[in-house]
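Novice: Take a look at this one; I'll ask things after.
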Amino acid sequence: GAVVSQHPSWVICKSGTSVKIECRSLDFQATTMFWYRQFPKQSLMLMATSNEGSKATYEQGVEKDKFLINHASLTLSTLTVTSAHPEDSSFYICSVYTLAEYNEQFFGPGTRLTVL
Amino acid sequence: GENVEQHPSTLSVQEGDSAVIKCTYSDSASNYFPWYKQELGKRPQLIIDIRSNVGEKKDQRIAVTLNKTAKHFSLHITETQPEDSAVYFCAATNTGNQFYFGTGTSLTVIP
């Protein structure tokens, strides 16, 4: 399967600052990546679908101006949480969707964001 | 859109017993049903999956069954071990453009 990395693994920031999270597909050219948010003891909630070279598709209720997604290359997608607030504290996970592995997705290790 | 429900939310079993987790889905077009295991603070790991053209799939102590008519699929873990303790998520998807996840089941295997 595809190997997916995320950076950073954990970030603590002050309220009002912006945080960028990187998702890299290390051994696979990913045209599609998903970004999820997971609150403690809850399921994964899809935030957006990131397509290389085009605008991301956001799920209903997700503010596109707050969660900026850039998928400029086939191996890198970034999620920027702008003007972060404590309620944005969560576990953010990206995944790579690969047609080569029919319908499977491979998850990154996640980034824990804590906003003070 | 698709709606996936998962039960139970928590499950405790004695080591060596079996565990069963059930999911239902609403979209008859869904054709791929993966199960993920997630340990605390870690990424979800695919443990088994089933496609709509198959009714059952088994991999050692883990099996998944699919009933397309009733729109439900289940995860079966036999001879449970303490290391099976984790949160398990089911999911359903059609084209793979969006995966719909269940709410998760926290499994505890008591030694």
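Novice: What list of whole percents do you get for P(r) of chain B, with Cα-Cα distances grouped in 5 Å bins up to the one holding the largest distance?
Specialist: 2, 13, 25, 25, 19, 10, 5, 1, 0
Novice: For chain A, list the cysteines whose Cβ sits under 4.7 Å from no other cysteine Cβ?
Specialist: A:Cys13
Novice: Just to confirm a number: summing +1 for Lys and Arg and -1 for Asp and Glu over residues other than B:Lys57 whose beta-carbon lies under 10 angstrom from that of B:Lys57, what do you get?
Specialist: Summing Lys/Arg as +1 and Asp/Glu as -1 gives -1.
Novice: Expressed in nm², what is the orientationally averaged projection area of the convex hull enclosing the Cα positions of region A:48-116?
Specialist: In nm², the orientation-averaged hull projection of region A:48-116 is 5.2.
Novice: For chain A, with a Gaussian network of springs between Cα atoms less than 10 Å apart, report the residue from A:Thr80, A:Thr98, A:Thr17 with the top mean-square fluctuation.
Specialist: A:Thr17
Novice: Please work out how many pairs of lysine residues in chain B are eight or more positions apart (or on different chains) and have Cα atoms closer than 17 angstrom.
Specialist: Step by step, the pairs that qualify in chain B add up to 9.
Novice: Report the per residue volume, in Å³, of the convex hull enclosing the C-alpha atoms of the protein assembly as shown.
Specialist: Once divided by residue count, the hull of the protein assembly as shown is 119 Å³.
Novice: Got a sec? How would B:Ile48, A:Ile12, A:Ile93 order by Cβ neighbour count within 10 Å, fewest to most?
Specialist: In order of increasing Cβ crowding within 10 Å: A:Ile12, B:Ile48, A:Ile93.
Novice: Hey, any idea what Rg/Rh is for region A:1-89, computing Rh the Kirkwood way over Cα pairs? Spell out each step's value before the answer.
Specialist: Working: Rg = 13.0 Å, Rh = 13.6 Å.
Taking Rg over the Kirkwood Rh, I get 0.95.
Novice: What's the tally of Lys pairs in chain A whose alpha-carbon atoms lie under 22 angstrom apart, where the two lysines are 8 or more places apart or on different chains?
Specialist: Lysine pairs, 8 or more places apart or on different chains, close enough: 7.
Novice: Could you give me D for region A:1-53, from Stokes-Einstein at 10 °C and 1.306 mPa s, where the hydrodynamic radius is the Kirkwood radius over C-alpha pairs? Units µm² s⁻¹, please.
Specialist: 121 µm²/s
Computed from the coordinates by the stated procedures, all read-outs in this text should not be read as laboratory data. This is a predicted model, so every value here is computed, not measured. Counting neighbours? That spans all protein chains shown, and the Cβs are built from the backbone with ideal geometry, glycine included.
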